[in-house]
Protein chains: 2
Amino acid sequence: MIGLEDCRALDARDPLAAFKARFAPGEPGTIYLDGNSIGPMPADVPRRIERLVTLGWRDARRRGWQRFDWLEKPWRLGEGIAHIVGAGSKDVIFCDSTTVNLFKLLAYAWRLRPERPVIVTEAHNFPTDLYVAEGLVRFVGGNAALRRIEEPDALGAALGPEVGILCLSHVDYRSSRRWNMAEVNRVAEAAGVFTLWDLSHSAGAIPADLSGTQADFAVGCGYKYLCGGPGAPAWLYVHPRHQDRAWPVIAGWMGHADVFAFAEAYEPVEGVRRQLTGSPGILANEAMAAAVDIWREVRREDLAWKHRSLSETLVALLEEQCGSLGVEIASPRDYEERGGHVAFRHPGAGAVTEALLAQGVVGSFRKPDSIRFGLAPLALSHEDLWHAVARLRRVLESGIWREERYRTVSV
Amino acid sequence: MIGLEDCRALDARDPLAAFKARFAPGEPGTIYLDGNSIGPMPADVPRRIERLVTLGWRDARRRGWQRFDWLEKPWRLGEGIAHIVGAGSKDVIFCDSTTVNLFKLLAYAWRLRPERPVIVTEAHNFPTDLYVAEGLVRFVGGNAALRRIEEPDALGAALGPEVGILCLSHVDYRSSRRWNMAEVNRVAEAAGVFTLWDLSHSAGAIPADLSGTQADFAVGCGYKYLCGGPGAPAWLYVHPRHQDRAWPVIAGWMGHADVFAFAEAYEPVEGVRRQLTGSPGILANEAMAAAVDIWREVRREDLAWKHRSLSETLVALLEEQCGSLGVEIASPRDYEERGGHVAFRHPGAGAVTEALLAQGVVGSFRKPDSIRFGLAPLALSHEDLWHAVARLRRVLESGIWREERYRTVSV
């Protein structure tokens, strides 16, 4: 049995323990396990944003472009998290939303080989990933098609010679099942298929290795484990071998070789930056920068240790303390097959989630019977997990979750 | 000759005079004539953003989606400025950047009639408008083509039966030349051509009449005259007759009929909202909302009076006070043909702009010899213009602009 003292002992060994103080604590007594939804706020965000809007917007106005690094932020931010996702420092930019970046890279990859017009994805991928792919297929028409596999082991057989792109979420947003990126990339490469990964549910929780595993393309959001805040810019990665092969599909002035020349002819800048489109989200980028300035100091191996330790501790605590109360782990048992969060089932999951909220534990419910605890490694301790699970146990033991007031379940 | 007292008399009649106090004043003594670049900041922006990041991000985290109106902001913001651009209140949304919105609507309009695959635009349109159109044409291939007209009077002849879309900026970003939207829409409709307008250099300065003139599509940025701040969300408009005709080209979860159902099949929501893509820019939307809450109170006819009065006063002051010092109006003489800013030529325009900056007047330079004064009607008085032009006269009379230190020209 894992006790409170065991959790404290793990915290004493935690190489990232000091980072917790870099984040604002939130509501007193609340334990936030929704890093898979919106991650914690770096403590200096209010000060940084206030500085931006007063010195930048109010005072400098257009001169903000000269006085500050507004123009460079998209790639400076990318450099700052590249080591966390295993990308070259010049291969990542922050821009637009995950949805728009998915479209941009899917369309870009598609045009590189229109003679292989089929896109393969998972039937249960995150909705926007499915919609974007279906929308692209409808737009380009012709032989373009979207093929959905129902189960992971159907992947190999699905990658025929007509397939150009394999588009997967690294981690399933419900079960937290994680693909073996290295293996999938090998299979795809052997089949002559490009890979496009969505790392929204892993980046900032689990170190990825995009370059090392030869991923072709990737996207991810900034507001979950990367802690960029609600409405944060998303990021995208293009392997160097593809960066300069074609025009971007959305050719915008921020991707021009000379942004402020106002040339009438488009000339894409070299590298991943040609995927930039319109004016950067300057407020959102400043909030993201507060988080990225923390990520710059985080070592990959420390992140790997911390998240694994949190995730394994949480699974053990849930089973030991709540296994006899109807809780069943829904995520894969093997850590290497799990993503940023841990999902578990309970027959009253919706009401339990609401009752837990009232006890100061923020998780999230997914139909029909699943609760997700997202583990943001920089701002959580093992002791936090112990208290969260203890509160869950009390909610289940007391039966308080059956009360009428917990029947209305929030998003 | 227009004197300081005349300007004060106009200010005394100004129906929008009280709005100036709703904006933060900026650097003491500085007159900001860069509303065509980044508009003034509503005074309550710092407080609103601080509230959002502390109560929303830090404390509420994922529960912010329930506690606040983050999800609804894109169309609530659209409702708030619809009267300013002459659109139905349900026909405008804020989302993404101008560049991305241009792509979305251009591609959407293109797919409605692929049998008319030619897009017509101006050779000297704003760069990103040209790039996006050229990028789309390259992506779809086939018979798609971009046709650029050199002069306005070439428009009618360019709209042959192979043309599907006419894509124009309402106002030229350099000269401030304004198209007659009603007339162009009539010509386009008679030729069976859809119109897509970019109102970035008019919205918030000059009331537009998108619905009344039967414009098909429009986009615009939020950070210029609309005062949404650097990185503000852009907006888009789709005439009701086109809103439900097809899937959006970038089909994202925010445009789904039931956003939080996480359905695997895409079903576009009815109306313009299907053009929403990914998660909204929540920080940027809050800053935009501070401005939109002001716009809700602004009457179209007052905006029309104020901007015309400012623009005509500025032209007269420039000619009277600086005409003999080498200043020549570059914008159209007729107010009905001018947009949000006034452009004027001077042989030393770049250095003059820098010398003016040192005197506390923020204008902007465009190669080779043009200076632009952008007129944000809610935060400027006629007296401001008098002082700005008086400072310009002193800069020119004194010859101070010839000094070495003013040779390096900023963007």
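Every number in this text was worked out from the coordinates using simple rules, so none of it is lab data. Computed from a prediction, not measured in an experiment: that's the story for all the values here. For neighbour counting, all protein chains shown are included, and Cβ atoms are generated from backbone atoms with ideal geometry for every residue, glycine included.
Here are the numbers for the structure shown:
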| quantity | calculated |
| --- | --- |
| Every residue from region A:69-98 that is of a type in the set (S, T, N, Q) and either out of contact with any helix residue (DSSP H, G or I) (no Cβ under 8 Å at 6 or more places or on another chain) or touching a residue at least 40 places away in the same chain (Cβ under 8 Å) (or both) | A:S97, A:T98 |
| Failed condition for B:L356, given (1) within 14 Å of chain A (Cβ to nearest Cβ); (2) outside any loop (DSSP other than H, G, I, E, B); (3) more than 21 Å from the chain's Cα centre (by Cα); (4) surrounded by fewer than 22 Cβ atoms within 10 Å (Cβ to Cβ) | (4) |
| Selection within region B:217-239 - hydroxyl-bearing (S, T, Y), more than 10 Å from chain A (Cβ to nearest Cβ) and over 16 Å from B:V298 (Cβ atoms) | B:Y237 |
| Some residue of region B:308-318 being out of contact with any strand residue (DSSP E or B) (no Cβ under 8 Å at 6 or more places or on another chain), more than 18 Å from B:L378 (Cβ to Cβ) and among the aliphatic types (A, V, I, L, M) | yes |
| Any chance A:E270 is out of contact with any Ser or Thr (no Cβ under 9 Å at 6 or more places or on another chain) and surrounded by 23 or more Cβ atoms within 10 Å (Cβ to Cβ) | no |
| Residue within region B:331-342 that is in contact with a strand residue (DSSP E or B) (Cβ under 8 Å, 6 or more places away or on another chain), in a helix (DSSP H, G or I) and of a type outside the set (D, E, K, R) present | no |
| Selection from region A:35-55 of residues that are facing chain B (nearest Cβ under 7 Å) and either in contact with a helix residue (DSSP H, G or I) (Cβ under 6 Å, 6 or more places away or on another chain) or not in a helix (DSSP H, G or I) (or both) | A:S37, A:I38, A:M41, A:V45, A:P46, A:I49, A:E50, A:V53 |
| Selection count, region B:1-29, where residues are touching a residue at least 60 places away in the same chain (Cβ under 8 Å), over 20 Å from B:G360 (Cβ atoms) and aliphatic (A, V, I, L, M) | 5 |
| B:L4 being more than 30 Å from B:T98 (Cβ to Cβ), among the aliphatic types (A, V, I, L, M) and within 12 Å of another protein chain (Cβ to nearest Cβ) | no |
| Hits in region A:56-82 - residues which are surrounded by fewer than 24 Cβ atoms within 10 Å (Cβ to Cβ), among the hydrophobic types (A, V, I, L, M, F, W, C) and more than 10 Å from chain B (Cβ to nearest Cβ) | A:W75, A:A82 |
| Test: residue in region A:175-193 that is crowded, with 24+ Cβ neighbours inside 10 Å and either within 14 Å of chain B (Cβ to nearest Cβ) or in contact with a Cys (Cβ under 8 Å, 6 or more places away or on another chain) (or both) | no |
| Unmet requirement for A:Y406, which otherwise passes all of (1) within 14 Å of chain B (Cβ to nearest Cβ); (2) of a type outside the set (A, V, I, L, M); (3) surrounded by fewer than 24 Cβ atoms within 10 Å (Cβ to Cβ) | (1) |
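Matching residues to (1) of a type in the set (S, T, Y); (2) more than 26 Å from A:G229 (Cα to Cα); (3) touching a residue at least 60 places away in the same chain (Cβ under 8 Å):
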| residue | (1), (2), (3) |
| --- | --- |
| A:V292 | no, no, yes |
| A:L303 | no, no, yes |
| A:V315 | no, yes, no |
| A:E354 | no, no, no |
| A:P377 | no, no, yes |
